[in-house]
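Since the structure comes first, as structure tokens, the remarks are kept for the end.
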Amino acid sequence: MGFVIWITGLPGSGKSSVAEELKKKLPELVILRMDEMRKFATPAPSYSEAERDVIYGSLVFAARQISSLGHGVIIDATGNLRRWRELARRTIPNFAEVYLYCPVELCMERERGRAGAHSAPAGIYDKAKQGWPVPGVNVPYEEPENPELKIDTGRLPVEEAAALAEDLIKKLSDGPA
């Protein structure tokens, strides 16, 4: 049976790193990255609320369709507004949310050193100073209210975070509760 895990957290919290570590352990996983989808669907993004609604809705739709074919899907996306993650929860039968908590100061430090890794745009936090909408800085990041898993990536290394997520995947692979 297919499933979807949405890995959410601030930019620089480790979403892509955890997703990549999971992919190493479970190569059959499909990773849907918001950064890649945005580059494809909106090559000149405005980051407007309406544009984000369309892009996140498309991401949820793609994840739902892929999981309905029996695949395990990881959504690697900040998803700063709860309504987008709740859309996935309402429409995907075998869904779980993994919240990577990390202090924004540490996220900023990590982001400065990543140089656009995993298709993420470089300099996200610097762009906030120029008025770009950056979750956790000048637009809200609505923390998950009841994630299936919350991981403090400020304390746990990527490998341990991925191991916790892998345990959740094993439960989901058995089907909805």
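Each value in this text was obtained by applying a stated rule to the coordinates, not by laboratory testing. Everything quoted here is computed from the prediction, not taken from an experiment. Reconstructed Cβ throughout: ideal geometry from the backbone, glycine too, with neighbour counts over all protein chains shown.
Data for the structure
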| item | result |
| --- | --- |
| Sites Met1 and Gln130, calculated FRET efficiency, Cβ-Cβ separation with R0 35 Å, nearest 0.05 | 0.20 |
| Estimated [θ] at 222 nm from DSSP helical runs (n ≥ 4, -39500 (n - 2.57)) normalised by residues in the chain, nearest 500 | -14000 deg cm²/dmol |
| Per-bin percent of Cα-Cα distances, segment 3-173 [5 Å] | 1, 9, 19, 23, 23, 15, 8, 2, 0 |
| Charge dipole magnitude, Cβ of K and R +1, D and E -1 - segment 3-173, Cα centre, debye nearest 20 | 280 debye |
| Fully extended contour minus Cα-Cα distance, from Leu26 to Ala163, at 0.36 nm per residue | 48.2 nm |
| Protection-proxy order for peptides 139-150, 38-49, 59-70, 13-24, each taking the mean of Cβ atoms within 10 Å per residue, highest first | 13-24, 59-70, 139-150, 38-49 |
| Part-to-part distance (alpha-carbon centres) for segment 26-77 and segment 131-172, which is given in Å | 17 Å |
| Phi to ³J(HN,Hα) by Karplus 6.51 cos²θ - 1.76 cosθ + 1.60 over segment 19-31, Hz, x for Gly, Pro | 4, 5, 5, 5, 5, 4, 7, 10, x, 6, 5, 9, 9 |
| Sequence-separation-based contact order of the chain, relative, with Cα cut under 8 Å and 6+ spacing, percent | 36 percent |
